[in-house]
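Peer 1: One structure follows; several queries about it will come next.
The values are calculated or read from the model by the stated rules, or taken from the named source; none is laboratory data. What you see is a predicted model; the values in this text were computed from it and never measured. Note that we place each Cβ from the backbone using ideal geometry, even for glycine, and neighbour counts take in every protein chain shown.
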C-alpha cells in the first residue's frame with residue numbers, strides 16, 4: 001500500500017497561516033479530515049473561504065451602516081460556543097442561575113426544535129437605543145433582510161453562561177438578550193420569546209411577551225451564517 005503522508009492539495013495557493021485558519025475552523029466544527037482534504041483540492045472554494053474570513057470586518061461595518069439607517073445599533077460576539085444538545089432547562093439554569101424553579105421559561109422547552117450539535121457561533125446583537133426601541137417582529141424582519149439567521153433560546157442561555165458581565169460591558173443595566181425564533185402562545189397571536197436578563201450580578205432566564213421588547217435595554221440575538229465547505 002502506498003504511504004500517503006499528505007493529501008494532494010493546492011499548496012502553491014495556500015500559506016501556512018491559511019492552513020492554520022482552515023484547520024482551526026474544521027476542528028471547531030467537527031469537520032472530518034477527509035472533507036477538509038476534498039475541500040483543499042477545489043481552488044475556487046478555497047479562495048472563497050479565505051476571502052470570507054478576511055471580509056468579517058468589512059461585513060460587520062456594512063451591517064452597522066444598515067442598522068444606523070433605522071436608528072439601531074449592532075454589536076458582535078465573535079466566538080460563542082453553543083451546546084444545542086444540552087436540555088432546554090439545563091441550558092436556561094446554566095445561563096441564569098438565579099432563575100426561579102417555577103419560572104415559565106422552564107416550561108416551554110418542547111416548543112423549540114432540538115439540534116444535535118455543539119458549535120461556535122458568531123452572534124449579532126441588535127438594539128434600538130436612539131428611537132425609543134424596536135420590536136421583536138421588526139428585529140426579525142431586519143435581521144433576515146440583512147442575511148442573518150434567527151436564534152433559539154440556547155443562544156441567549158449560552159451568552160448568560162459565558163458572558164457574566166455583559167451588562168457592565170455594554171454599560172446598560174439591566175439588559176435583556178432575546179432569542180429571535182419565538183412562539184405564539186395565545187389566540188391574539190402575541191409572540192413570546194425566551195431571554196436572558198442581566199441586572200447587576202444577577203442573571204435569570206425568562207419567557208415573556210413581545211410587548212416587553214420595546215426599549216433600549218433589549219438586544220435581539222442573531223447568528224451569522226456559517227461558511228459551508
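Peer 1: Answer yes if at least one residue in region 142-158 is assigned by TED's automatic domain parsing to the domain that holds residue 80, out of contact with any strand residue (DSSP E or B) (no Cβ under 6 Å at 6 or more places or on another chain), part of a loop (DSSP other than H, G, I, E, B) and crowded, with 22+ Cβ neighbours inside 10 Å, and no otherwise.
Peer 2: Within region 142-158 (the criterion being assigned by TED's automatic domain parsing to the domain that holds residue 80, out of contact with any strand residue (DSSP E or B) (no Cβ under 6 Å at 6 or more places or on another chain), part of a loop (DSSP other than H, G, I, E, B) and crowded, with 22+ Cβ neighbours inside 10 Å), the answer is yes, since at least one residue qualifies.
Peer 1: Looking at region 171-215, which of the residues that are over 21 Å from residue 98 (Cα atoms) and within 17 Å of the chain's Cα centre (by Cα) is surrounded by the fewest Cβ atoms within 10 Å (Cβ to Cβ)?
Peer 2: 181
Peer 1: Residue 129 is checked against (1) assigned by TED's automatic domain parsing to the domain that holds residue 209; (2) outside any loop (DSSP other than H, G, I, E, B) and fails just one. What number does that condition carry?
Peer 2: Here residue 129 clears every test but (2).
Peer 1: Sticking with this one: Criterion first (part of a strand (DSSP E or B), in contact (Cβ under 8 Å) with a residue 12 or more places away in the chain and surrounded by 15 or more Cβ atoms within 10 Å (Cβ to Cβ)) does residue 221 satisfy it?
Peer 2: yes
Peer 1: Count, please, the residues in region 110-149 that happen to be over 22 Å from residue 65 (Cβ atoms) and under 13 Å from the mean Cα position of the chain (by Cα).
Peer 2: 4
Peer 1: Same structure, new question: For region 167-187, which residues satisfy the criterion of being touching a residue at least 40 places away in the same chain (Cβ under 8 Å) and assigned to a helix (DSSP H, G or I)?
Peer 2: 170
Peer 1: Could I ask something else about it? Return yes when residue 164 is exposed (fewer than 14 other Cβ atoms within 10 Å of the Cβ), outside any strand (DSSP E or B) and out of contact with any helix residue (DSSP H, G or I) (no Cβ under 7 Å at 6 or more places or on another chain) and no when it is not.
Peer 2: So residue 164 fails the test.
Peer 1: I want to confirm something. Restricting to region 99-123 and keeping residues that are out of contact with any strand residue (DSSP E or B) (no Cβ under 9 Å at 6 or more places or on another chain) and assigned to a helix (DSSP H, G or I), which single residue is surrounded by the fewest Cβ atoms within 10 Å (Cβ to Cβ)?
Peer 2: So, considering only residues that are out of contact with any strand residue (DSSP E or B) (no Cβ under 9 Å at 6 or more places or on another chain) and assigned to a helix (DSSP H, G or I), the one surrounded by the fewest Cβ atoms within 10 Å (Cβ to Cβ) is 110.
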